[in-house]
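Asker: This is the structure I want to talk about, given as C-alpha cells.
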Amino acid sequence: MRNEFFETTISTKGYADIHDLSPLVREFLRKIEAKNGLLTVIVPGSTAGITTIEYEPGLLKDFPELMDRLVPVKRYHHDSTWGDGNGFSHLRASLIGASMSVPIKDGKPILGTWQQLVLVDFDNRPRSRRVVFHYMGE
C-alpha cells in the first residue's frame with residue numbers, strides 16, 4: 001500500500017469562486033504512476049469546500065446564485081463573535097464539506113463524463129487556499 005501526498009496553493013477571490021482541480025488531479029496521478037486506490041482532496045479551513053460540478057459557464061453562474069438563495073450574505077451570530085462578516089462563508093462551506101474522496105481505477109478518477117472536482121472558496125475576501133491531495137493504493 002502506497003501513501004502519496006501533493007500540496008498546492010490556489011489564489012481565490014471568495015464569494016463562491018470556483019476552481020477546477022481536475023488538471024491537478026490528473027497530473028498528480030500521472031506523476032506518482034497511480035494504478036488503483038483512493039484519492040482524497042481536502043482544503044484545510046472552514047470557509048471553503050471541495051465538491052464536484054460540471055465546470056461550464058452556466059453552472060459557474062448558477063452555483064453562486066444557489067448559494068446566495070440558500071445562505072444569503074447577511075449578518076449571522078458568528079459575525080457578532082468575531083466581527084469578520086463571514087458567517088455566511090462558514091455556513092456555506094459546512095453544507096459542501098472540506099474534502100472529497102474519489103476511487104482511482106487504472107490511474108484515472110472514477111467520475112462522470114461531465115463531472116469535475118472543484119474547490120469553492122466562500123469567504124468574503126480573496127484568499128490563498130492550501131489544497132492537499134492524498135493517494136492510497138497501488
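Coordinate-derived values only; no laboratory data. Note that this is a predicted model, so its numbers are computed, not measured. Glycine gets a Cβ as well: all are built from the backbone with ideal geometry, and neighbour counts include every protein chain shown.
Asker: Arrange the following residues from fewest to most other Cβ atoms within 10 Å of their Cβ: Val73, Val131. Walk me through the intermediate numbers first.
Answerer: Details: Val73 15, Val131 19.
By the 10 Å Cβ count, ascending: Val73, Val131.
Asker: Do you know the relative contact order of the chain, to the nearest whole percent, from alpha carbon pairs under 8 angstrom that are 6+ apart?
Answerer: Values: 283 pairs, mean separation 74.4, N = 138.
Relative contact order comes out at 54 percent.
Asker: Just to be sure I understand: with springs between alpha-carbon atoms less than 10 Å apart, which residue in Thr51, Thr40, Thr81 has the highest mean-square fluctuation in the Gaussian network model of the chain?
Answerer: For the chain, modelled as a Gaussian network with Cα springs under 10 Å, the answer is Thr81.
Asker: Long-range amide H contacts for Ala48: which residues qualify at under 5 Å (H placed 1.01 Å from N, peptide plane, sequence gap of 5 or more or a different chain)?
Answerer: The list, which skips near neighbours in sequence, is Phe122.
Asker: Counting only other residues whose beta carbon sits under 14 Å from that of Ser22, what net charge do I get with K and R as +1, D and E as -1? Don't skip to the end; give the middle numbers.
Answerer: On the way: positive: Arg26, Arg30, Lys108; negative: Asp20, Glu27, Glu54, Glu56.
Cβ neighbours under 14 Å give a net charge of -1.
Asker: Running a GNM on the chain with Cα contacts under 10 Å, which residue among Gly107, Gly14, Gly58 ends up with the highest mean-square fluctuation?
Answerer: Taking springs between Cα atoms under 10 Å, the residue moving most is Gly58.
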